[in-house]
Structure formats: structure tokens, C-alpha cells
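Contents: one structure, followed by commentary.
A short reminder: the numbers here are calculations on the coordinates, not readings from a lab. Source: prediction; values computed, not measured. Cβ: placed from backbone, ideal geometry, glycine included. Neighbour counts: every protein chain shown.
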Amino acid sequence: MPIDPSFEGRTYPPSEPYEVGLEKIREFADALGDDNPAYRDREAARAMGHPDVIAPPTFPFVLTFRASRALIEDPELGIDYSRVVHGEQRFAHTRPVRAGDSLTVTVTLEKVRSAGGHDMLTSRSDVTTVAGEHVVTAWSTLVVRGDDS
Amino acid sequence: MSAATVPSCDEVEVGTELPGRSFVLRRSDLVRYAGASGDFNVIHWNEQVARSVGLPDVIAHGMFTMALAVRVVTDWVGDPGRVVEYGVRFTRPVPVPDDDDGATVEVSGAVAALLDDGRVRVDLTATWAGQKVLGRAQAVVQL
């Protein structure tokens, strides 16, 4: 069942705040095997001009992946998640995520297309502080494979 | 890796190559990334399920490969906060066997465009077994 393009523009309520912690950032950097001091050491991060330890460029996906469940589980869209493949991902940062941030994510279904029997959904996740400062926007394109593949 | 090591715009031109890197991914790395990222999709750790859905083996998280590829850029600039945009297409999965060798992903990068305000675009190439695993992998960096 192709997804109805009339759902384009649908926006979900902002997620509950996500509290970004220093140890979570270190854990994520450890998982990447990345010893960059900006991810670990407050003094090093400050020397680079950041108020606190910052997170790796793809870290916001931890938040946006969680928030995008609102879209993936939207009964009106009817997405079969077992057929979903991650097709594209992009981030545009106003500033890096950093320890101490309290962030909410607003997910919008930006684009729906069908090609070759597959549906392609592009979601936009706007990540802002609870005070309303824009931090990063992430776009994810999910490919929902058709019945025959 | 202090701010002083950031390459200056004057030293950089289209075609400037960044130091490349190779990354070895083993099953234990996927488990660790799953825990840190919160993506526990079984195709990233359970071979039986991965094969049942038509994959050759357990595959690495696309987001893990994406994170490793940009390391070439963040190691180059020192301050990872200078990566202002980063996007990829996931064109091919990286199968990760259950052995000590794992899978090796090779990443290279080169400056592809000089933009306004001291920004440059770096195009990245990530390969596994000689085949590209990311498409249109581009990062915009503030120098």
C-alpha cells in the first residue's frame, strides 16, 4: 500500500526533553573508538571555544531516532517497520550538541515519494534547546521496500 | 588536537587530500555501538535473523559507518564542532563476520569546493572490499 503523499507536512508534537550528559557523550565516543579530547575533556573543549564537552557530529541521531518513532508508529501512515531501510541521512548544525543541553525534537514528514515499488519518506527533525535555541536539523530518508522485494 | 591545528583556508585548495584512515569493525564493536546509540535492530547482532531477511551476514549500522567516515574530517580539523553539515547515502551494507578479522572500511577524503566565509566542502569515499558503501558523502567544514 503506497503511503499517501497528502501526509507531507505532518508534524508531531515536540519530544520530551533529552538531557545530554558528559558520560553519555564519552560512551558514544568510546563506541566509535574516537579519542578526540573535545568529546571527553572540558578544558580541551573550552580551548576550542566550546562552553562544555561537545558530542560527535552524528550523535544527534540518538535523539532523532528516538523521536522519529512518533512517525514510524503513526497508525495513519501504516509503515511496516520490518521493511524499512535507512536510505540517506544528513545533519545541518547551528552549533554542536554539548553536555548539559536539554533538547527537544520536532519531527515533520517532509517528503513522500514512490519509486520502483518502494516508498521513500524523508523526515526532518528539528532539534532545539528547551529555551528555543536551534542546535541541529537532521533529515532521514527511510525506504519502505515494496511487497515484491 | 588543539584549535591551533585547524588548517587555514590559505593552505587549502580544491583537491587537497585529507589523511585517510581504515577502520576495523568486529561484532563486539557493533554491540558496543548498539548500546551507545540505542539502535538494537537485530540485523546488527544476530546472524540468524540477518540471513533470514536476505542479508549476507550481520551488517554494521549505517550510522556507525557514517560516524567513522567523518572521523577523517574531524581528525583533520581537530575541533569536531567545525563540521557544520554532513550527509550520506547508504548505498551498500557492510557485512561483519563473526571472527577476529572483522570488516575493514577504508575512508579517504578531499576538498571538493571552497565556499563562503571560510567554509569548505569535503567529499568522502568509504569502501569495504573495494566497493563504495556510502554515496554522496559530503561534509561542510568551517576552517
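According to the calculation over all Cα-Cα pairs in the protein assembly as shown, the P(r) per 10 Å bin from zero is 6, 27, 36, 24, 6, 0 %.
Mean sequence separation of contacting Cα pairs (under 8 Å, at least six apart), scaled by the length of chain B, corresponds to a relative contact order of 31 percent. Coupling constants for segment B:91-104 follow from the phi torsions by the Karplus curve (6.51 cos²θ - 1.76 cosθ + 1.60, θ = phi - 60°), and in residue order they are 9, 7, x, 9, x, 10, x, 8, 8, 6, 6, x, 10, 9 Hz; glycine and proline get x.
Let me confirm one metric for peptide A:80-90, namely the mean number of other chain beta-carbon atoms within 10 Å of its residues' beta-carbons.
Per residue, the average neighbour count from other chains is 4.
For segment A:1-105, GluC sites (Glu not before Pro) are listed when DSSP marks them as loop and at most 13 other Cβ atoms sit within 10 Å of their Cβ; the list is A:Glu73, A:Glu76.
Computed per residue of chain A from DSSP H runs no shorter than four, each worth -39500 (n - 2.57), the mean residue ellipticity at 222 nm is -5000 deg cm²/dmol.
Extents of segment B:91-131, largest first, come to 47, 19, 13 Å (Cα atoms, principal axes, whole angstrom). Can you give me the relative contact order of segment A:8-149 as a percent, contacts being Cα pairs under 8 Å and 6 or more apart? Relative contact order comes out at 29 percent. Convex hull of alpha carbon positions in chain B: directionally averaged projected area 8.9 nm². Report summary: the helix-based calculation at 222 nm, which adds -39500 (n - 2.57) for every DSSP H run with n ≥ 4 and divides by the residues of chain B, gives -6000 deg cm²/dmol. To the nearest 10 degrees, how steeply does helix A:22-32 sit against the main Cα axis of chain A, on a 0 to 90 scale? Once rounded, the angle reads 70 degrees. For segment A:13-76, the orientation-averaged shadow of the C-alpha convex hull comes to 5.3 nm² (one quarter of the hull surface). Considering Cα pairs under 8 angstrom that are at least six residues apart, work out the relative contact order of segment A:39-116 and quote it in whole percent. Averaging sequence separation for qualifying contacts and normalising by length gives 37 percent for segment A:39-116.
Compactness of segment B:34-84 is given as radius of gyration and Dmax, 14.6, 42 Å, from Cα positions. Compared with the dominant Cα axis of chain B, that is its longest principal axis, helix B:27-37 is turned about 70°. Converting the Cα gyration tensor eigenvalues of chain A into ellipsoid dimensions via √(5λ) gives semi-axes, longest first, of 33, 16, 12 Å.
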